[in-house]
Amino acid sequence: MEKIWGKLVDDEGRCSHYHQENDIVALKCSSCEKYFSCYECHDELENHQFVATEKEDFPVLCGHCKTKLNFNDYSQGYCINCKAVFNPNCHRHWKIYFKS
């Protein structure tokens with residue numbers, strides 16, 4: 001099972017920066033290949049900046065069931081495996097997390 005890295009407040013990926021009920025995704029940095037709760041946690045804990053991942057390379061991990069998702073699956077707004085709903089405001093950070 002994949003580990004979620006970050007300044008976590010629970011085991012579903014909520015962190016000190018983003019901790020609403022639906023903040024349950026972890027995002028993969030293509031440099032270190034780790035799933036982080038957010039880019040801010042990544043940049044505070046690693047010795048490099050967060051590097052966006054290809055959309056096809058399963059850049060998202062559902063914090064509820066730990067299923068890896070590609071960008072198209074994640075874009076549905078919920079996990080295709082467990083149906084947990086994701087925070088709709090995360091689209092504001094897509095340029096940080098996903099290569100165009």
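The values are calculated or read from the model by the stated rules, or taken from the named source; none is laboratory data. Because the structure is predicted, anything quoted here is derived from the model rather than measured. With ideal geometry, Cβ positions are generated from the backbone for all residues, glycine too; neighbour counts draw on all protein chains shown.
So the values come out like this:
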{"item": "Residue satisfying condition, being in contact with a strand residue (DSSP E or B) (Cβ under 7 Å, 6 or more places away or on another chain), modelled with pLDDT of 95 or more and charged (D, E, K, R), within set Lys99, Lys34, Lys83", "result": "Lys34"}
{"item": "Meets criteria (part of a loop (DSSP other than H, G, I, E, B) and at pLDDT below 95) for Asp57", "result": "yes"}
{"item": "Count - residues of the stretch 63-77 that are closer than 21 Å to Ser100 by Cα and not acidic (Asp, Glu)", "result": "9"}
{"item": "Options Lys95, Lys83, Lys34, Lys55; residue that is basic (Lys, Arg) and within 11 Å of the chain's Cα centre (by Cα)", "result": "Lys34"}
{"item": "Residue in the stretch 13-25 that is assigned to a strand (DSSP E or B), over 13 Å from Phe98 (Cα atoms) and in contact (Cβ under 8 Å) with a residue 24 or more places away in the chain present", "result": "yes"}
{"item": "Qualifying residue in the stretch 12-25 (condition: in contact with a His (Cβ under 9 Å, 6 or more places away or on another chain), exposed (fewer than 14 other Cβ atoms within 10 Å of the Cβ) and not hydroxyl-bearing (Ser, Thr, Tyr))", "result": "no"}
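One line per residue, one yes/no per condition, for (1) assigned to a loop (DSSP other than H, G, I, E, B); (2) exposed (fewer than 14 other Cβ atoms within 10 Å of the Cβ):
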| position | (1), (2) |
| --- | --- |
| Asp10 | yes, yes |
| Glu40 | no, no |
| His64 | yes, no |
| Asp73 | no, no |
| Lys83 | yes, yes |
| Asn89 | no, yes |
| Arg92 | no, yes |
